[in-house]
Structure formats: structure tokens, C-alpha cells
1. Please give the number of the condition residue 103 fails out of (1) surrounded by 11 or more Cβ atoms within 10 Å (Cβ to Cβ); (2) of a type in the set (Ser, Thr, Tyr); (3) more than 16 Å from residue 136 (Cβ to Cβ).
2. Would you call residue 115 part of a helix (DSSP H, G or I) and of a type outside the set (Val, Ile, Thr)?
3. Being touching a Ser or Thr at 6+ places or on another chain (Cβ under 7 Å) and either surrounded by 14 or more Cβ atoms within 10 Å (Cβ to Cβ) or touching a residue at least 60 places away in the same chain (Cβ under 8 Å) (or both) is true for just one of 93, 131, 82. Which residue is that?
4. So residue 42 ticks every box in (1) farther than 27 Å from residue 136 by Cα; (2) among the aliphatic types (A, V, I, L, M); (3) free of Cβ contacts under 8 Å to residues at least 12 places away in the same chain but one. Which box is left unticked?
5. If the Cβ limit is 8 Å and pairs must be 6+ apart or interchain, which residue in the range 97-122 that is closer than 18 Å to residue 144 by Cα and at pLDDT 95 or above pairs with which residue that is charged (D, E, K, R) and assigned to a loop (DSSP other than H, G, I, E, B)?
6. Within the range 52-107, how many residues turn out to be under 15 Å from residue 120 (Cα atoms) and part of a strand (DSSP E or B)?
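The values are calculated or read from the model by the stated rules, or taken from the named source; none is laboratory data. As the structure is a computational prediction, the values presented were derived from the model and not from experiment. Neighbour counts are summed over all protein chains in view; Cβ atoms, including those assigned to glycine, are modelled from backbone coordinates with ideal geometry.
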Amino acid sequence: MSDNVHPLRTPLKNLTPGLCEKLQKEMLAACLSVAKAHGLTVVDGGMVDMNLRSGFEFAVRVGIPLPDGSVFDPEKAKFELFAENYGLSPDDFGREFSTGRETFRIVGIETRRPKYPINVERQPDRQGFKFTAENVAMCLKAMDRQK
């Protein structure tokens with residue numbers, strides 16, 4: 001028997017979304033406790049992948065706290081550095097936009113991918129996609145006009 005299976009519990013055959021979210025919150029709380037004891041900060045990256053038959057994956061970033069309490073994000077720093085070269089604002093990192101059917105959030109930029117340099121995640125499942133800078137700029141402008 002594996003060391004990580006409780007001997008008195010029947011092993012699970014399938015997970016549920018609710019159980020995955022509960023476990024994620026409990027593990028995040030444990031991570032926060034350990035990090036705090038060492039003077040570090042934790043950023044919850046949310047659920048990354050969930051397969052109800054085999055397991056789930058979530059992201060956590062641990063780091064030395066910056067003066068504002070946040071953790072350095074290299075993707076954000078890279079986006080802020082190159083965004084204007086692609087017709088976007090450095091403040092666009094993390095913004096959400098709609099294509100009409102789905103909502104996406106800007107999560108990065110890849111300068112070595114000239115045709116589709118903007119990395120986005122579909123909301124709410126966080127599936128990654130690549131967009132042209134022109135399409136993202138157009139969608140952001142449309143969102144600004146709606147406000």
C-alpha cells in the first residue's frame with residue numbers, strides 16, 4: 001500500500017469538482033502556513049488541470065515578498081517590457097476580453113512567436129491559447145467602448 005493512502009479509508013475511484021476545489025483550498029492553506037513561517041509569500045495560481053478519474057493540478061507561486069506584498073511575476077515583467085511593441089499597454093497584462101462567444105485573460109507574451117505572440121487563458125477553464133496582437137488590441141478596444 002502506498003504511504004499516501006489512509007489505511008482505514010476506502011480508496012477513491014473518482015474525484016468530483018467540489019472535492020478537487022476543497023483539497024486545493026486545504027493544500028493552499030498548508031502552503032501559506034509553511035511559507036509564512038519562513039517569511040515568504042504565496043500566490044494562488046488556481047486550478048490548472050482536472051481529470052476526475054486520475055487527479056488534478058493547481059499552481060502555486062512562492063517567493064520573497066515585494067514591498068507591496070506581491071510576488072515577482074516574470075511573465076508580467078516580460079509583458080510590461082514588450083507590450084508597446086505590439087500595440088498594447090503594459091497595464092493590459094491580466095485584462096479580460098471577449099471574442100463574442102468566450103472570455104479570455106491575457107497571461108503573457110512570446111516575442112519569438114511573431115504571428116501569435118499573445119498568450120491568453122480561456123475563462124473559466126484556463127485553457128491556453130495564442131492570439132495575434134491585433135486581435136487582442138481590437139477586442140480590448142471593444143471592451144473599453146462597452147464601458
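1. All conditions pass for residue 103, except number (3).
2. no
3. Matching residue, one of 93, 131, 82: 82.
4. Of the numbered conditions (1) farther than 27 Å from residue 136 by Cα; (2) among the aliphatic types (A, V, I, L, M); (3) free of Cβ contacts under 8 Å to residues at least 12 places away in the same chain, the odd one out for residue 42 is (3).
5. 105/95; 106/95
6. 8
Per-residue answers, yes or no, for (1) closer than 27 Å to residue 133 by Cα; (2) in contact with an Asp or Glu (Cβ under 9 Å, 6 or more places away or on another chain):
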site: 50; (1), (2): no, yes
site: 58; (1), (2): no, yes
site: 64; (1), (2): no, no
site: 79; (1), (2): yes, yes
site: 98; (1), (2): yes, no
site: 103; (1), (2): yes, yes
site: 110; (1), (2): yes, no
